[in-house]
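Encoded as structure tokens, the structure appears first; notes follow it.
The values are calculated or read from the model by the stated rules, or taken from the named source; none is laboratory data. Here the structure is a predicted model, which means the values were calculated and not measured. Cβ: placed from backbone, ideal geometry, glycine included. Neighbour counts: every protein chain shown. Protein only, heavy atoms only, side chains kept; ligands, DNA and RNA dropped before computing areas. Shrake-Rupley method; radii C 1.70, N 1.55, O 1.52, S 1.80 Å.
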Amino acid sequence: MFANFLPSRRPEDASAHERAFVREVTVKRPVQRSRRSELLIAIGWICVFAKCWGSFWLVEHYQMPFSAWWIALPTLAAAALCTWVYLRRN
């Protein structure tokens, strides 16, 4: 990475330092939670639990040579991450 030495050869502009400071800060109100979004999250969790139950039942019923947790854990982790991001978004 090469340093830029050109600005050091000319005199400094005093107004450039003044423009670097923050003049105003605007604070926005946090977004309210949506009942529709929370309903969709609840429906999603019901679908996740149904998928996990179905995976465990199918692996047991058809005697598959792997654990159903290989299917359930990533699904539960992704659902938990999505829910956590929604709840902590503000």
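Taking the empirical scaling 2.2 N^0.38 Å for compact globular proteins as reference, region 14-75 has a Cα radius of gyration ratio of 2.40. Under the simplified labelling scheme, the C47-F66 pair shows an inter-label distance of 2.2 nm, with each label point 7 Å from Cα along Cα→Cβ. The residues neighbouring L81, those whose beta-carbon lies less than 14 Å from its own, together hold a net charge of +2 under the Lys/Arg +1, Asp/Glu -1 convention. Residues of region 67-86 falling in the label zone of F56, defined by backbone nitrogen less than 18 Å from a point 7 Å along Cα to beta-carbon, are 67-80. Think of a 1.4 Å ball rolled over the protein heavy atoms: region 23-74 then has 95 Å² of accessible area per residue.
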